[in-house]
Amino acid sequence: MKRAADSLPAVSRLGWAVTDDPPYSGPDTQLRLPLQREPSFDRASFVVSERNREAVDAMDDWRKWPGGCLVLVGPEGCGKTHLARAWAAATEAAIISRGMMSQSGGVPPGPVLLEDADRVEGGEALFNLINRAVAGDALLLTARAPPRSWKTTLPDLKSRLNALYTVDMAPPDDDVLEGVLRNLFRDRHIRPDPDLLAYLLRRMERSAPAAAELVDRLDLAADAARRSINRALAREILELGERTGDLFP
């Protein structure tokens with residue numbers, strides 16, 4: 001029988017902090033609550049498609065990682081952090097920074113998540129983490145570049161990096177981005193016009209952070225102008241971003 005952490009559960013969304021300002025509700029607008037939001041990394045809101053299914057399956061089978069370690073590799077905005085933080089929450093893993101690795105006793109026992117592992121300087125601390133994983137403490141690493149390309153002067157570490165179990169994550173496809181947009185709108189209690197999602201998917205930057213930025217801009221603009229969130233407003237926001245270059249800095 002599997003224990004609770006053997007496969008990642010679908011957990012509830014993070015709560016919302018509602019501000020004191022009352023929402024505007026007029027004849028030409030949809031009701032929107034002014035919310036202060038923190039990024040949500042819960043597993044339930046991670047959108048699965050064929051593009052990221054291998055990574056999701058690897059997370060569920062984390063006890064079977066060869067050598068106790070997995071490296072998630074992919075570009076910024078592909079969902080590495082979301083999936084990695086969901087795994088950390090489900091396994092009660094310690095989320096460590098690169099600075100903690102150089103401190104004596106800085107890494108507690110048990111599962112560990114280290115993001116941006118390809119930017120770790122030196123190498124001895126990373127070598128020790130990998131050895132811990134071999135001994136039984138699961139280790140999840142995220143990176144933009146594959147381990148074989150990481151710079152190190154330690155021959156033993158180089159051989160370990162070349163042997164690490166690696167799963168590539170591609171940029172999100174339309175299925176993932178549509179799901180992300182729907183989640184973002186739903187969190188704001190917004191029901192977009194039916195043709196809005198298709199319009200955005202054809203024109204937006206292909207990443208989850210860009211989707212969040214775009215929905216934030218649409219929500220703010222709609223509140224300021226007391227307008228509905230529709231294709232006309234989206235066109236204005238996207239065209240403004242193209243002119244100023246500040247929509248997705």
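Every number here is computed from the coordinates shown, using simple stated rules; none is lab data. Quick caveat, the model's predicted, so the values are computed rather than measured. In this analysis, Cβ positions are derived from the backbone assuming ideal geometry, glycine residues included, and neighbour counts consider all displayed protein chains.
Prolate is the label for region 126-236. Its Cα gyration tensor axes, ordered a ≥ b ≥ c, give a/c of at least 1.5 and a/b above b/c.
Per-residue Karplus couplings for region 58-66, computed as 6.51 cos²θ - 1.76 cosθ + 1.60 with θ equal to phi - 60°, are listed in order as 5, 5, 5, 9, 4, 6, 9, 4, x Hz, Gly and Pro entered as x. Amide hydrogen proximity for Ile95: with H placed 1.01 Å from N in the peptide plane, the residues at 5 or more positions away or on another chain lying under 5 Å are Leu113. Note that region 78-87 has calculated 3J(HN,Hα) couplings of 8, x, 4, 5, 4, 5, 5, 5, 5, 4 Hz, one per residue in order, obtained from phi through the Karplus relation 6.51 cos²θ - 1.76 cosθ + 1.60 (θ = phi - 60°); glycine and proline are x.
One decimal place: the segment Ser97-Glu121 gains 7.4 nm when fully extended, by the rule 0.36 nm per residue minus the C-alpha distance. The residues packed around Val73, meaning those with a beta-carbon under 11 Å from its beta-carbon, carry a net charge of +1 if Lys and Arg are +1 and Asp and Glu are -1. Of the residues Phe46, Phe185, the one with the fewest other Cβ atoms within 10 Å heads the list, and the complete ranking is Phe185, Phe46. Extension gain, Arg235-Ala198: 0.36 nm per intervening residue step, less the Cα-Cα distance, totals 12.1 nm. Considering only Ala208, Ala222, Phe185, and ranking their Cα positions along the charge dipole of region 172-249 that arises from unit charges at the beta-carbon of Lys, Arg, Asp and Glu, the one farthest toward the positive end is Ala222. Between Asn131 and Asp60, the C-beta separation translates, for a Förster distance of 35 Å, into a calculated FRET efficiency of about 0.90. Less than 5 angstrom separates the built amide H of Met169 from those of Val73, Gly74, all sequence-distant by 5 or more or on a different chain.
Is region 59-212 rounded, prolate or oblate when judged by the Cα gyration tensor, a ≥ b ≥ c being the square roots of its eigenvalues, rounded requiring a/c under 1.5 and prolate requiring a/b larger than b/c? Prolate, because a/c is 1.5 or more and a/b exceeds b/c. Note on Glu205 and Asn162: with the Förster distance fixed at 25 Å, the Cβ-Cβ geometry gives a FRET efficiency of about 0.15.
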